Each structure stands twice: as C-alpha cells, then as structure tokens.
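Step one of this worksheet: look at the structure below.
The values are calculated or read from the model by the stated rules, or taken from the named source; none is laboratory data. Values in this document were obtained by computation on a predicted structure and should not be read as measured data. For neighbour counting, all protein chains shown are included, and Cβ atoms are generated from backbone atoms with ideal geometry for every residue, glycine included. When the accessible area is computed, the model is the full protein with side chains, heavy atoms only, and any ligands, DNA or RNA have been set aside. Shrake-Rupley method; radii C 1.70, N 1.55, O 1.52, S 1.80 Å.
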Amino acid sequence: MTTTFKESIQEALANPNLRGALGRFSEAYRLSRAKAYEGMDFEAVRDSVKDVKAYGAAHLEELAETFKRNAESKGAKVFRTSSPAEVKAYILALCQERGVKTLVKSKSMASEEIHLNKHLEAEGIEVYETDLGEWIIQLAHQTPSHMVMPAIHMTKEEVTEIFNTKVEDGQMPDIPKLVKFARGKLRGRFLDADLGISGANIAVAETGSLVIVTNEGNARLVTTLPNIHVAIVGIEKLVAGFKDIQPILTALPRNATGQLLTSYVTIITGQTPNTDGSPKELHIILMDNKRSEMAADPKFKEALQCIRCASCLNVCPVFRLVGGHVFGKVYTGGIGTILTAWFDELKKADDIQGLCIQCGACKDVCPGRIDIPDLILELRRRLILEKGQPIVQKAIFAVVNNRRLFHSMLRAASVAQKPFARAGFIRHLPLFLSDLTDFRSLPAIAEKPFRDTFKAIKQPECKEKAAIYAGCLIDFSYPEMGEAVVKVLNKAGIQVLFPEGQTCCGAPARYNGAYETAAGNARDNIQALLEEEVDYVVSACPTCTVALKEDFINTFESLGVTDAMEGARALAAKTLDFSTLVKKLVDEGRLEFQDAAEAEVVTYHDSCHLKRTLGADQPPREMLRKAGYEIKEMAECDICCGMAGSYSLKLPELSAPILQRKLNNIKDTGARGVAMDCPGCVMQIRGGLDKLGSAIKVEHTAVRLARRLK
Amino acid sequence: MEKLFASFKERATAASAEVHRFSNAAEATTFILGLVQELGGNALWAPCPFLEATGRPEQAGLSYRVTREAASHAKVGISQMDWALADTGTLVQDATRVELRLVSTLSQVHIALIGADRFLPDLGSVLERIKPEQAGYLSLITGPSRTADIERVLTIGVHGPERLVIIVVEGVAA
C-alpha cells in the first residue's frame, strides 16, 4: 500500500464527524431496510433483478440498437459512444450550437465518471448541480463520497460555512433552513437554464423509455423547464422490456434508503411538450466506457447487475469507518472498487481493493446478487498477475507452500516467542511489529501443537470415521479446540483421524491473490484428507471449512485446473463445520448434554464465513442452548470482528476500531461469556478483551459444548 | 376497494402525504376551496376530467390559466391523477401535458385529486396498464418532495412541493 493511501485512511479515521455520521447511518440503515422489505421475499426480488440485469448485460449491443430505434421513432436523438471524450465533445458542441449559457443537472453518476462539469465550465458554461448533496459538494469543490448521499461526510456546520462563503452570508446551521435556502437559490437556476442534464436509472429498449428516480423533485424540473434535455446513460442501464422496470423499482428504493418508493419516479418516452408548447429537444447519450469489455469478461460481467443502490457501502464495516473519499473520486465502496478498476484502470484499484475485509456483508444485501467480495478477490488476483507478488508475501507463501518447512518454522516460533509470551498471550511486540499488539494481545504459539497432543488421545475403533482438519490456528495456537472436537465426536461414537499430510488451507494465499499458492495448498490437503476412507471431514474453523468446501473448487476454476477437480468435489461433499455436524448427531439422538441447574448467560458472535458463506448461524446457537447456555444476543452480532486473517496485520488501523465496536457490543449485553465458532475470531476478540483487562470469557463453541457432554 | 384504500392511506400517510376522502364532487370542491383560502397566495388548477364534469368554481386567487410564469408564483397547484397504488401509497399520472407538470413541480402545496375507483394493488398492476408509447411523461408520486442529504436528517420540501394533499373522490370521471 502506498504511503499516501495509508495517510488518507489516517485522515478519515481522525475525522470524528465522518465516523459519527456514518456510524449512526449504518445502524439506522439496517433497520429501515429490513422494514421496507417486510412481508416480501427479498431473495425472490433479487432473483428477478439479477435476471433482468444479467439479460441486459448479455445483450448490450442488441438492446442499445433497439433502444435507439424506439427512442428515435419518438423524436429523441440517440448518440452511442464508447468514449467519455466524445460524450463531452457532443454536449459541448450542442451547448455551443444552441447558445446555451447555463445548464442545470440532476444527479448523474455517469457525468461524474467522465468529469463533465469541469469540461463545460472550462468553456464558459455555467453548470448547476441541483441535487442538494451534489450542489453542496460542487460548491465545496469536492467529489461525492457516496453514490446515493454524496455529501454524507459533511456536517450541517460545514454546509453552512460553504453556503456562507460561496453563496450568501448569514446562514445558520439549521437543516430545514439550509434546505429552504437551497430551494430558493436553485429555483431561479431551474427557470433560467437553457438546458437540463439528467442521468437515468433504467433505459427500456422495448419502448425507448428513460426511468429517473429521485426524492427531491429536481429531475422533474430539469426535464420540464429547460427546452433541451440531455440524458447521459451508461449502457448497463438497459433492460429489455417495460415490465422489467418493476423489480428494479421494487429493490432500488428499499435497498438505497429503506423507502417503499422514492417520492418521484419519472418515465420519459420520446419528445414531450415544453412550457412554450414546442416539442422538447431530447438527446440521449448511451455511453459504453468499458462496459462492453466488462460484459465480455466471464467474471466481471456480473458487476453490470449493479443498480447503484449503494447498499454495499451502507453495510460495509470499513466504509463506515473511512467514508467514500478513501476509495476514490467517483464510485465508492465495494462496487466502487470494481467499477474504478474497469472504468478508470486496474492500477487505480490497487490500494483500494486492499480495504475489503472479505466479510461478505455486501453480498448478503446486494439486490443484483453480485458476489462483490469474490470480484474483489479476482481483482487482487489479476493485479498480482500484472505486477507480481510483493516480495515479502512471496517469501511467506513460499514457506506456506512447503508443509514441512512451514510446520517446523511454527514450532521454532514457539521457542523464539518466549521473551514476549506470558500465560498464553503475547501482549507487546517490539518495533514495527508493535502495531499488531497495540489493540489486542496475540496468542502465544502452543508448546505442543494439536497434531502432537492428538496422538495422546486414544481413539476408539468405530464404524464411523471422521478426519479432523485442524487449520493453522487450532493446530499451533489453540490445540484445546481440536481436543474438544475429538472429545465430542468420540462421545457420539465416531473415530477421529488426524491426517498428517494436512497443511494450511490456502485461504491466506487466496485472499491475497496468490492463487497458485492456494492451489498448491489445495492439492496437498485433498490428497491428505482423502487418503483414508472417512465419513466426514470436520473443521472447527469456518474459514478452513469454506476452503475445503468451496474455495478449492473456485481456485481451480479460476486457474483452469481440471485434473484435481474430482478430488476437490469429493472432499467438498464430505466436509462439515463442527456445529453443523454436532447438530446432526444430536438430532440423530447420538449426543446429549448435561442438564444445567442454572443457565450460563453468553452472547454469540457470528463469524463471517460461518454465517454468510456456510449459512450456519443457527446450529451453534441451538447446540449451546441445548447444552445449558442462555444466549443474550448482542447488537450487530453478525458484523465482522476485524480479524480477517492477514487483514488485521496489513491494516491494523482499521481492524482495531472494528474490533472496538464488537467489544462494546459484547460488553453491552452484560453476558459473562462470548461464544463463537472461529479460532480467528477468538484470537481477535480474546486478544481485545485481554488488552482491556476484561473478565469476559471468550471460548469456541466446541470447547463450551465439550465441557457439557453427558 | 376498501382494502386497497386502507392500505393506500396508511402508506401514503407514512410517506408524509395527507389523505382525505369525499363521497361526492361537491364536498371535495368545498374542501379544496377552503384549503386554498386558508393557505392564501395563488392557486392554479390544471385541466382535468373532474373540472370538466363539475365546471370551474370561482374563488379569489384561484386561476385556471396554467403558464410557466403563473406556476412559478403559485403557492398551490391542483391536478387530477390517474391511478393510486395501494402497496406503496403512490399516485400515478400521465403528465405529458405540461400544465400537469407545472402545477405539481413548482407549487409549495400540491393538491392531487384521485377517483375512488382508480385504486390498484401495486406497481406491477399499473405497469400492465401503462402504454409509454402513448404517454410521453409519466409521473409516479409518493409523498411530498424530500431530502436527507445533510446529516441524513429527513427534511420535507426541497425542490418540489412540501405538502401533498390527496383528495379521494367517489363517483367522479377518470
């Protein structure tokens, strides 16, 4: 990461207004969005949106031509171009031919994308943004920090200051008055303007219609009062039929602002009468700017399913800390990272893709069913293909890919850490490593790894067998978790094997874009875990489980590896996360827990991969309750703890505040313990609470359940 | 119908619109004239089937000459809508005639008339009935103009009307 990028993060983190506003908004957003979808099947809605948009992306050329024909038959002029420069030239020439001196704009991200205002203003044309947020940032000479709420990063005091210095002195920081002031000032602009520019949320090929969604009513004025209307439309806005607008209009307001519908939806088809009775001159610019290239890319065509609702920003634990400007000047947040890489250039996304913590919260709410985290991983992979692996990472992965070397280094580390480790924790590290122990203690590497302690547990001979996949953290830091898993399974009459050939699951390599290393790890593990005939492969680490169950296959697919695919599928079919397997055994009547005289109150933290990738957020809760625990849910129980593997090493300045929020939510429940299913989360949360000197007991579900076996 | 109306009223009210219902045109007219008087300032009433059926009531400050100039000074704009959607509290209007747009975009208060027999369940049912080839400018209106662009604080009335008063009338032509 570049120094200037790290500085921009620091700057954003140091802005209390930004963090306050975004933090409050993200809390309110979750509730209002949920309420807006009450009584509806969101999965069905987004399936429809996805179908409509994916069809559009697959038929861009055909839909663009149909749209052009139909809009032109209604008197519109349609200009198709792939070049932003041509869009700007077209509008400038039009302004010059028609003697346009001032123009008003309603919100258009496409115009932001090509920096249109600057171009027109340089030629002496007065341009007024009329969306309140856009007007504010225009006056402040800033760029939008959010696709739906461009000025969300500013306080009313800052807005007042801008109005006072740029428009008219004497304004007070009173929001209704500031809004009235803007209404008054812009009203004259609407009435005087020679030309109006809008974007469009949807363009319908079948009818040549434009659909524009707003709340303020500015788009209605922009498209009614000036005698010329120019609409700038990215071609990914095309849908085939008129009925296709329904799913988009259902999802967009609900996902963007938690509204059932925005105050205004305007559908314009061809020329309409001007206020002087003349037919309006309507120009529609269909802008490609790399969208066709995206559509032709087998991975990234999915990103064209975006309807620009910005929900991926609203639920992102990183966005709510740093806001939009760290991401860039136009499109921000998760989808913005992807769009910047394409519309601008891949290189531009080099730093910002590193902001993604891979928690999957955005994927859960995306109305276009875009797997944003996966596409960001793909960006990572391509960036590394282009510029090569950073030298330090390369060295690390060379070790990780050599199982024997990796394991002997970890053993050596357990000795080397001695000066720093006390009672299982490393609380301070010297020099540049101190960032890592600044906000949490780290676990000491266990004296004896799980692979050694396992040998001491005598295994019963059973018909049913499970191979345990430990994963690095359990193997080398938390062997007690592995022992708990073995104890529980033995109790249910399952013999446990520890295949010695198992190694790192490859997640660290994959999440850093080093797919070749990840594929090497996958091959080693497939061979090791399928060597002996077993009924289950079980892991108490959700990230490892996802690797075994899904990512080995995904990595092979990305790299075009076919020879190992059969093994990957066979392994995936046998793999289960610990709590899901326990639930199965309890349901089959093979496991029972002790009756508790008094329930122990704990809260539960959802690990990202367990909840959002494996969809297994209920089994651990159910099992804990059966084992005599009462679960007191915390606020935002399913928001990432900030660990995310090497993320907390690369961006400790972001990992720390995300953890802080999690710790506060845990403490607020008053529970004396917190359970979770991921050793990575245990490391982060236990380390954070230890640093605070808290007595709250952080334990893996496996450890809690093993204690309560009948 | 009663179910559709009840849902419409609930949703429109939640979107900060005001909903009134009258059993005949005369009562609706009386209410509108009273509201116009109470609000003061100029009022503009755009051509619509309601007026064609009832004739144009006379009142000081109320005009039927809808021009850009008049609309930019009007406090109240009155127009008739074509459909009402129960599940979102939305009004739908073929606003191709520019007079219809002038009175509902520039005024501070928009009084929107809607026939009691014009209620539909949802967006899907109106999209089936709309022919965009025949209606160049369609407006879907849900509540008054709003913004939350400063500090996410909801503020009613930015560029469009700050009040939306919906008048549901029984027994009136569409």
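Which of the numbered conditions does A:Thr143 fail, given that it passes all the others? Conditions: (1) more than 12 Å from chain B (Cβ to nearest Cβ); (2) assigned to a helix (DSSP H, G or I).
The number of the failed condition is (2).
Could you check A:Lys105 against (1) in contact with an Asp or Glu (Cβ under 6 Å, 6 or more places away or on another chain); (2) open to solvent by 20 Å² or more (accessible area, probe 1.4 Å) and say which number it fails?
(2)
Can you pull out every residue in segment B:64-87 that is open to solvent by 10 Å² or more (accessible area, probe 1.4 Å), in contact (Cβ under 8 Å) with a residue 60 or more places away in the chain and in contact with a Pro (Cβ under 9 Å, 6 or more places away or on another chain)?
Passing the criteria: only B:Asp87.
Which condition number in (1) at pLDDT 95 or above; (2) in a helix (DSSP H, G or I); (3) in contact with a helix residue (DSSP H, G or I) (Cβ under 6 Å, 6 or more places away or on another chain) is the one that A:Thr517 fails?
Only one criterion in (1) at pLDDT 95 or above; (2) in a helix (DSSP H, G or I); (3) in contact with a helix residue (DSSP H, G or I) (Cβ under 6 Å, 6 or more places away or on another chain) is unmet by A:Thr517, namely (1).
So that you can scan it fast, the table gives a plain yes or no per residue for (1) buried (at least 18 other Cβ atoms within 10 Å of the Cβ); (2) within 24 Å of A:Ile494 (Cα to Cα); (3) modelled with pLDDT under 95:
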residue: A:Val537; (1), (2), (3): yes, yes, no
residue: A:Pro542; (1), (2), (3): yes, yes, no
residue: A:Thr545; (1), (2), (3): yes, yes, no
residue: A:Met565; (1), (2), (3): no, no, no
residue: A:Ala570; (1), (2), (3): no, yes, no
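Could you check segment B:1-31 and list, in sequence order, the residues that are within 14 Å of chain A (Cβ to nearest Cβ), over 13 Å from B:Ala84 (Cβ atoms) and either open to solvent by 80 Å² or more (accessible area, probe 1.4 Å) or in contact with a His (Cβ under 7 Å, 6 or more places away or on another chain) (or both)?
Selection gives B:Ala14 alone.
Here's a check for you: in segment A:56-82, which residue that is polar (S, T, N, Q) and out of contact with any helix residue (DSSP H, G or I) (no Cβ under 9 Å at 6 or more places or on another chain) is surrounded by the most Cβ atoms within 10 Å (Cβ to Cβ)? Spell out the reasoning first.
Our first condition is that a residue be polar (S, T, N, Q); within segment A:56-82, this holds for A:66, A:70, A:73, A:81-82.
Those left that are additionally out of contact with any helix residue (DSSP H, G or I) (no Cβ under 9 Å at 6 or more places or on another chain): A:66, A:70, A:73.
Numbers: A:Thr66: 18, A:Asn70: 21, A:Ser73: 11.
Ranking the candidates gives A:Asn70 first.
Hey, among B:Leu164, B:Leu113, which residue is away from chain A (no Cβ under 11 Å) and assigned to a strand (DSSP E or B)?
Values: B:Leu164 fails: away from chain A (no Cβ under 11 Å).
Step by step, each of B:Leu164, B:Leu113 is checked, and only B:Leu113 is away from chain A (no Cβ under 11 Å) and assigned to a strand (DSSP E or B).
Taking the stated definitions as given, is A:Ile152 crowded, with 21+ Cβ neighbours inside 10 Å, closer than 21 Å to A:Asn314 by Cβ and in contact with a His (Cβ under 7 Å, 6 or more places away or on another chain)? Write out each step before concluding.
Numbers: crowded, with 21+ Cβ neighbours inside 10 Å: yes; closer than 21 Å to A:Asn314 by Cβ: yes; in contact with a His (Cβ under 7 Å, 6 or more places away or on another chain): yes.
Yes; evaluated as a whole, the condition is true for this residue.
What number of residues in segment B:107-129 are open to solvent by less than 30 Å² (accessible area, probe 1.4 Å) and of a type in the set (S, T, N, Q)?
Step one: of segment B:107-129, the residues open to solvent by less than 30 Å² (accessible area, probe 1.4 Å) are B:107, B:109-116, B:119-120, B:123-127.
From what's left, of a type in the set (S, T, N, Q): B:107, B:125.
Total meeting the criteria: 2.
Of the residues A:Lys290, A:Lys280, which is basic (Lys, Arg) and over 24 Å from B:Gln93 (Cα atoms)? Talk me through it step by step, then tell me what you get.
Details: A:Lys280 fails: over 24 Å from B:Gln93 (Cα atoms).
Result of the check over A:Lys290, A:Lys280: A:Lys290.
Just give me the residues in segment A:166-193 being of a type in the set (Gly, Ala, Ser) and more than 10 Å from chain B (Cβ to nearest Cβ), in sequence order.
Our first condition is that a residue be of a type in the set (Gly, Ala, Ser); within segment A:166-193, this holds for A:170, A:182, A:184, A:188, A:193.
Of everything in segment A:166-193, those that are of a type in the set (Gly, Ala, Ser) and more than 10 Å from chain B (Cβ to nearest Cβ) turn out to be A:Gly170, A:Gly184, A:Ala193.
Which helices (runs of 4 or more DSSP H) sit wholly inside segment A:541-625 and have at least 1 residues that are closer than 20 Å to A:Glu699 by Cα?
Numbers: elements: A:542-546, A:552-559, A:565-574, A:578-587.
By residue number, A:542-546, A:578-587.
Are there any pairs, at least 6 apart or on different chains, whose C-beta atoms fall under 7 Å, with the first in segment A:14-39 and within 11 Å of another protein chain (Cβ to nearest Cβ) and the second in a loop (DSSP other than H, G, I, E, B) and open to solvent by 50 Å² or more (accessible area, probe 1.4 Å), and if so, which?
Pairs found: A:Ala21/B:Glu151; A:Ala21/B:Arg152; A:Phe25/B:Arg152.
Say whether the condition of being among the polar types (S, T, N, Q) and under 19 Å from A:Phe327 (Cβ atoms) is met by at least one residue in segment A:23-43.
Of segment A:23-43, the ones among the polar types (S, T, N, Q) are A:26, A:32.
The next check asks that each one be under 19 Å from A:Phe327 (Cβ atoms); those that pass are A:26.
Looking through segment A:23-43, at least one residue is among the polar types (S, T, N, Q) and under 19 Å from A:Phe327 (Cβ atoms).
Being more than 11 Å from chain A (Cβ to nearest Cβ), in contact with a Phe, Trp or Tyr (Cβ under 7 Å, 6 or more places away or on another chain) and under 22 Å from B:Ala17 (Cβ atoms), is that true of even one residue in segment B:119-140?
Yes.
Taking A:Lys53 as the residue in question, decide whether it is under 22 Å from the mean Cα position of the chain (by Cα), surrounded by fewer than 15 Cβ atoms within 10 Å (Cβ to Cβ) and in contact (Cβ under 8 Å) with a residue 12 or more places away in the chain.
On the way: under 22 Å from the mean Cα position of the chain (by Cα): yes; surrounded by fewer than 15 Cβ atoms within 10 Å (Cβ to Cβ): no; in contact (Cβ under 8 Å) with a residue 12 or more places away in the chain: yes.
Against the criterion (under 22 Å from the mean Cα position of the chain (by Cα), surrounded by fewer than 15 Cβ atoms within 10 Å (Cβ to Cβ) and in contact (Cβ under 8 Å) with a residue 12 or more places away in the chain), A:Lys53 does not qualify.
Kindly list the number of the only condition in (1) without any contact (Cβ under 8 Å) to a residue 12 or more places away in the chain; (2) open to solvent by less than 50 Å² (accessible area, probe 1.4 Å); (3) within 13 Å of chain A (Cβ to nearest Cβ) that fails for B:Gly34.
With respect to (1) without any contact (Cβ under 8 Å) to a residue 12 or more places away in the chain; (2) open to solvent by less than 50 Å² (accessible area, probe 1.4 Å); (3) within 13 Å of chain A (Cβ to nearest Cβ), B:Gly34 is out only on (3).
Which pairs do you get when a residue that is under 20 Å from B:Ile78 (Cβ atoms), found in segment B:1-29, comes within reach of a residue that is outside any helix (DSSP H, G or I) and of a type in the set (Asp, Glu), reach meaning Cβ atoms under 6 angstrom, with the pair 6+ apart or on two chains?
B:Ser23/B:Glu170
Looking for whichever is free of Cβ contacts under 8 Å to residues at least 40 places away in the same chain and not hydroxyl-bearing (Ser, Thr, Tyr) here; the options are A:Glu378, A:Glu386, A:Glu345. Which one fits? Don't jump to the end; show me each part of the working.
Numbers: A:Glu378 fails: free of Cβ contacts under 8 Å to residues at least 40 places away in the same chain; A:Glu386 fails: free of Cβ contacts under 8 Å to residues at least 40 places away in the same chain.
Sole residue among the options that is free of Cβ contacts under 8 Å to residues at least 40 places away in the same chain and not hydroxyl-bearing (Ser, Thr, Tyr): A:Glu345.
Could you tell me whether segment B:80-97 includes any residue that is in a loop (DSSP other than H, G, I, E, B) and more than 26 Å from B:Val126 (Cβ to Cβ)? Talk me through it step by step, then tell me what you get.
Taking segment B:80-97 and keeping what is in a loop (DSSP other than H, G, I, E, B), we get B:81-82, B:86-89, B:95-97.
Next, from what is left, pick out any that are more than 26 Å from B:Val126 (Cβ to Cβ): none.
The answer is no; no qualifying residue exists.
Restricting to segment A:456-481, name every residue that is surrounded by fewer than 23 Cβ atoms within 10 Å (Cβ to Cβ), part of a loop (DSSP other than H, G, I, E, B) and among the aliphatic types (A, V, I, L, M).
A:Ile457
Of A:Glu600, A:Glu588, A:Glu622, which residue is on the phi < 0 side of the Ramachandran plot, in contact with a Phe, Trp or Tyr (Cβ under 9 Å, 6 or more places away or on another chain) and open to solvent by 10 Å² or more (accessible area, probe 1.4 Å)? Walk me through it before giving the result.
Values: A:Glu588 fails: in contact with a Phe, Trp or Tyr (Cβ under 9 Å, 6 or more places away or on another chain); A:Glu622 fails: in contact with a Phe, Trp or Tyr (Cβ under 9 Å, 6 or more places away or on another chain).
Every option except A:Glu600 fails the conditions.
Looking at B:Pro132, B:Pro144 in this structure, which one is surrounded by 24 or more Cβ atoms within 10 Å (Cβ to Cβ), part of a loop (DSSP other than H, G, I, E, B), touching a helix residue (DSSP H, G or I) at 6+ places or on another chain (Cβ under 9 Å) and not charged (D, E, K, R)? If you could, list the steps in order and put the result at the bottom.
Values: B:Pro144 fails: touching a helix residue (DSSP H, G or I) at 6+ places or on another chain (Cβ under 9 Å).
Of the residues listed, the single one that is surrounded by 24 or more Cβ atoms within 10 Å (Cβ to Cβ), part of a loop (DSSP other than H, G, I, E, B), touching a helix residue (DSSP H, G or I) at 6+ places or on another chain (Cβ under 9 Å) and not charged (D, E, K, R) is B:Pro132.
Where in segment A:194-307 are there strands (runs of 3 or more DSSP E), lying fully within it, with 2 or more residues that are more than 14 Å from every other protein chain (Cβ to nearest Cβ) and either in contact with a Ser or Thr (Cβ under 7 Å, 6 or more places away or on another chain) or touching a residue at least 60 places away in the same chain (Cβ under 8 Å) (or both)? If you could, list the steps in order and put the result at the bottom.
Numbers: elements: A:195-198, A:202-204, A:209-214, A:228-234, A:264-269, A:281-287.
Hits in segment A:194-307: A:195-198, A:228-234, A:281-287.
Do we find that B:Ser107 is under 28 Å from A:Ala182 (Cα atoms), more than 10 Å from every other protein chain (Cβ to nearest Cβ) and not acidic (Asp, Glu) in this structure? Write out each step before concluding.
Working: under 28 Å from A:Ala182 (Cα atoms): yes; more than 10 Å from every other protein chain (Cβ to nearest Cβ): yes; not acidic (Asp, Glu): yes.
Answer is yes for this residue.
Please state which one of A:Ala675, A:Ala702 is farther than 30 Å from A:Met1 by Cβ, over 27 Å from the mean Cα position of the chain (by Cα), crowded, with 19+ Cβ neighbours inside 10 Å and not acidic (Asp, Glu). Steps first, please.
On the way: A:Ala675 fails: over 27 Å from the mean Cα position of the chain (by Cα).
Matching residue, one of A:Ala675, A:Ala702: A:Ala702.
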